[in-house]
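Single-structure report; data block below.
The values are calculated or read from the model by the stated rules, or taken from the named source; none is laboratory data. Computed from a predicted model, the values in this text were never measured in an experiment. Counting neighbours? That spans all protein chains shown, and the Cβs are built from the backbone with ideal geometry, glycine included. To get the accessible areas, we keep the full protein, side chains included, count just its heavy atoms, and leave off ligands, DNA and RNA. Shrake-Rupley method; radii C 1.70, N 1.55, O 1.52, S 1.80 Å.
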Amino acid sequence: MELTNHSISMKILMVCLGNICRSPMAEGLMQAKIKKYRLQAEVDSAGFESFHTGDAPDYRATQVMRQHGIDITRQQSRLFRKSDFETFDLIYVMDSGNYSDVRSMASGNDQMKKVDFILNVLHPGSNKAVPDPYYGGKEEFETTYKLLDAATEQIALELLNKKNK
């Protein structure tokens, strides 16, 4: 993806299954990095499980994020849409199931060029999953936070590098 000029306007989408744990956490973290580094970027999140549509993030995700100074309480779960391929420049998925779900809605390779596993920014080509903390406890949410914090920091630094070129 070619980025030019100093006012980068990058649109990023974070995707997980229910859009109540991992992707809202990634959205909140990325939003904090956008603010911290004064990036011209927007972030949103989506999922594939309609059961949670319209729900706020899981209370444990909200709690862990709040402990780190980030408020995600205003987010609402929404479903991934085919139009997201047109709206967003980068689409980060949390695991192989999410990748398959996104791929099933893509109309070709051009759209899939925007999609990657979020942990590939830290471990290129590894396709490592961000573990789903939903069935775990506070420790699993904290682990998810740490992984997503490192990944969103790397994304922000890459955007900042391109901004300063």
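Write out, first by first residue and then by second, each pair whose Cβ atoms fall under 9 Å of each other, whose residues are 6+ apart or on separate chains, and whose first residue, in the stretch 65-83, is farther than 19 Å from T152 by Cα while the second is part of a strand (DSSP E or B) and among the charged types (D, E, K, R).
Matching pairs, first to second residue: R78/D44.
Return the residues of the stretch 116-146 that are of a type in the set (A, V, I, L, M), within 17 Å of G97 (Cβ to Cβ) and surrounded by fewer than 22 Cβ atoms within 10 Å (Cβ to Cβ); say none if nothing qualifies. Before you say what the answer is, go through the steps one by one.
Initial filter on the stretch 116-146 (of a type in the set (A, V, I, L, M)): 118-119, 121-122, 129-130.
Narrowing the set further to residues that are within 17 Å of G97 (Cβ to Cβ) leaves 118-119, 129-130.
Within the stretch 116-146, A129 is the sole residue that qualifies.
With the requirement that a residue be of a type outside the set (D, E, K, R) and open to solvent by 30 Å² or more (accessible area, probe 1.4 Å), what does the stretch 14-51 give you?
Here is the first cut: in the stretch 14-51, the ones of a type outside the set (D, E, K, R) are 14-21, 23-26, 28-32, 34, 37, 39-41, 43, 45-48, 50-51.
Across the stretch 14-51, the qualifying residues are L17, Q31, A32, Y37, Q40, F48, S50, F51.
Among all residue pairs at least 6 apart or on different chains, which show Cβ distances below 7 Å where the first residue, located in the stretch 43-61, is under 24 Å from V115 (Cα atoms) and the second is among the aliphatic types (A, V, I, L, M) and open to solvent by 30 Å² or more (accessible area, probe 1.4 Å)?
A46/L79; G47/L17; G47/L79; F48/L17; F48/L79; E49/L17; S50/L79; T53/L79
May I ask you to list the residues in the stretch 102-148 that are in a loop (DSSP other than H, G, I, E, B) and over 16 Å from I91 (Cα atoms)? Step through it out loud before you land on a result.
Of all residues in the stretch 102-148, those in a loop (DSSP other than H, G, I, E, B) come to 106-108, 113-114, 122-137.
The answer is H123, S126, P131, D132, P133, Y134, Y135, G136, G137.
Residues of the stretch 72-107 being touching a helix residue (DSSP H, G or I) at 6+ places or on another chain (Cβ under 7 Å) and over 17 Å from V121 (Cβ atoms), which ones? It would help to see each step written out before you state the result.
Of the stretch 72-107, the ones touching a helix residue (DSSP H, G or I) at 6+ places or on another chain (Cβ under 7 Å) are 72-73, 75, 77, 79-80, 82, 85, 91-94, 103, 106.
Selection gives I72, T73, Q75, S77, L79, F80, K82, F85, R103, A106.
On the basis of being open to solvent by less than 70 Å² (accessible area, probe 1.4 Å) and either in contact with a Leu (Cβ under 7 Å, 6 or more places away or on another chain) or part of a helix (DSSP H, G or I) (or both), does G54 make the cut? Full working, then the answer.
Values: open to solvent by less than 70 Å² (accessible area, probe 1.4 Å): yes; either in contact with a Leu (Cβ under 7 Å, 6 or more places away or on another chain) or part of a helix (DSSP H, G or I) (or both): no.
No; evaluated as a whole, the condition is false for this residue.
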